[in-house]
Amino acid sequence: MKNNILLLAVGALLFLTVPALSQKAQDPPDTKLAIELPEIIYPDPVTESQKKAAGKHREGSQNLAGEQDELAADVQDLIEEQTDEKLISLLEEVEEVMAEVIDSLDETDTGGPTIAAETEIIEKIFEAAKQRSQQSGGT
């Protein structure tokens, strides 16, 4: 399980590091804007094809909720192993957002807010990995 979170963190690092390398050495100021995403209400499936697609969507979403729950448990294990307060705080934030995502996915809510929360998880894992790297003396 620990390998899964490590792989997730490494993947996030690789995905996010390449663009970061082309930026200045200092971190840009936090300029996140609060964007409220509209709620989209989809019509109930009517045709057999729509019902089948909705069933597949529900099943996939609930499977992702289960996987997210396992990853959240891995994050909890990581928290227990840490001593750096900033790193612990970041991982606790990751775990908190993961819990929200688990609920959303379990309810088959895979819209914008859920995607935004997943993105937030990746960003926080990246920050935690940077903090861990700094703590270990890496660059």
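The values are calculated or read from the model by the stated rules, or taken from the named source; none is laboratory data. These numbers come from a predicted model, not from an experiment. Neighbour counts are summed over all protein chains in view; Cβ atoms, including those assigned to glycine, are modelled from backbone coordinates with ideal geometry.
Return the residues of region 107-119 that are of a type in the set (D, E) and buried (at least 16 other Cβ atoms within 10 Å of the Cβ); say none if nothing qualifies. Please lay out each step first, then the result.
The first filter runs over region 107-119 and keeps only residues of a type in the set (D, E), leaving 107, 109, 118.
Matches in region 107-119: E118 only.
Within region 82-101, can one find any residue that is modelled with pLDDT under 90, over 17 Å from A128 (Cα atoms) and assigned to a helix (DSSP H, G or I)? No.
For the condition within 21 Å of the chain's Cα centre (by Cα) and either outside any helix (DSSP H, G or I) or at pLDDT 95 or above (or both), what is the one hit in T139, T108, T114?
Numbers: T139 fails: within 21 Å of the chain's Cα centre (by Cα); T114 fails: either outside any helix (DSSP H, G or I) or at pLDDT 95 or above (or both).
Selected residue: T108, the only one of T139, T108, T114 that is within 21 Å of the chain's Cα centre (by Cα) and either outside any helix (DSSP H, G or I) or at pLDDT 95 or above (or both).
Restricting E36, E59 to residues that are over 22 Å from I125 (Cα atoms) and part of a helix (DSSP H, G or I) narrows the list to E59.
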